[in-house]
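Enquirer: Once you've had a glance at the structure underneath, I'll fire off some questions.
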Amino acid sequence: MQLTTFVPDYVVFDLETTGISWKTDEVVEISALRVVKHRVVGEFSTLVNPGRPIPFEASRVNGITDEMVRDAPSFDSVLADFLTFAGNSVLVGHNIHAFDMKFIWRDSERYLGRQPENDYIDTLKLARAYLAKLPHHRLTDLAEHYGISIQGAHRALADCRMNQAVYECLRRDAEAAPEAKKCPLCGSMLQKRNGRYGMFLGCMGFPVCRYTENVERS
């Protein structure tokens, strides 16, 4: 289930792939960081042999070539190792709802005959809510907004480090906001929204959680 909360313990992960379609493309790199009480305590990272040539356009973005993955393990064994590393932790990543999780679900079913049941948090959704005034919400845009280094961007481990720092910055901003309130039903942050009858507070867990409350008038 997708969450919109800020949690102290989680595993942030990132994939690099042969292209942008979870239906037809394959993973070429996976990295992850284990975080306990907001601090990184473990690391997982490996290249993956996708069993096919890596398109030039993909290599141009992530810098991963056929030569680099020639002796790398295939994703069936790598995926099992990653899921062991992640355990039952909440997974965190950027745009993972629309991209990375779909690869994980597809290949878990394909290779392991089951899908992981980890809850997950997409920092793209959080950023669009808490940094709505930013013109763009790519991971590098958020990193630059917070003064975080983008060196090595588009390699999985570098993106994990960037994403973990961005997530913690978003958490501090959300918790420091004067109007910051949590949903009493699911624990997600409440967000001001404009409805038919004016402003109200709505749960960021919508549509799973539909809690709302009126905005206090001064």
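Enquirer: Please go through segment 116-134 and pick out each residue that is out of contact with any helix residue (DSSP H, G or I) (no Cβ under 8 Å at 6 or more places or on another chain) and either small (Gly, Ala, Ser) or assigned to a loop (DSSP other than H, G, I, E, B) (or both).
Expert: Selection gives GLU117, ASP119, ALA129, ALA132, LYS133.
Enquirer: Taking segment 139-157 as the region of interest, how many residues are free of Cβ contacts under 8 Å to residues at least 24 places away in the same chain and out of contact with any helix residue (DSSP H, G or I) (no Cβ under 8 Å at 6 or more places or on another chain)?
Expert: Residues flagged as free of Cβ contacts under 8 Å to residues at least 24 places away in the same chain and out of contact with any helix residue (DSSP H, G or I) (no Cβ under 8 Å at 6 or more places or on another chain) within segment 139-157 amount to 4.
Enquirer: Select from segment 151-191 the residues that are assigned to a loop (DSSP other than H, G, I, E, B) and at pLDDT 95 or above and list them in ascending order.
Expert: ARG155
Enquirer: Same structure again: In the set ARG110, ARG106, which member is within 16 Å of VAL28 (Cα to Cα) and among the basic types (Lys, Arg)?
Expert: Answer to the check: ARG106.
Enquirer: Could you tell me which of the residues TYR146, TYR120, TYR130 is within 17 Å of VAL11 (Cα to Cα), of a type outside the set (Asp, Glu) and in the same structural domain as TRP22 (by TED's automatic domain parsing)?
Expert: Going through TYR146, TYR120, TYR130 in turn, just one is within 17 Å of VAL11 (Cα to Cα), of a type outside the set (Asp, Glu) and in the same structural domain as TRP22 (by TED's automatic domain parsing): TYR120.
Enquirer: Of the conditions (1) loosely packed, with under 11 Cβ neighbours inside 10 Å; (2) within 22 Å of the chain's Cα centre (by Cα), ALA174 fails just one. Which one is it?
Expert: (1)
Enquirer: Please report, ordered by residue number, the helices (runs of 4 or more DSSP H) entirely within segment 1-104 with at least 2 residues that are crowded, with 16+ Cβ neighbours inside 10 Å and not aliphatic (A, V, I, L, M).
Expert: Answer list for segment 1-104: 56-62, 75-86.
Enquirer: Would you pick out the residues in segment 28-84 that are touching a residue at least 60 places away in the same chain (Cβ under 8 Å) and of a type in the set (Asp, Glu)?
Expert: GLU29, GLU43
The values are calculated or read from the model by the stated rules, or taken from the named source; none is laboratory data. None of these values were measured; they are calculated from a predicted model. Note that we place each Cβ from the backbone using ideal geometry, even for glycine, and neighbour counts take in every protein chain shown.
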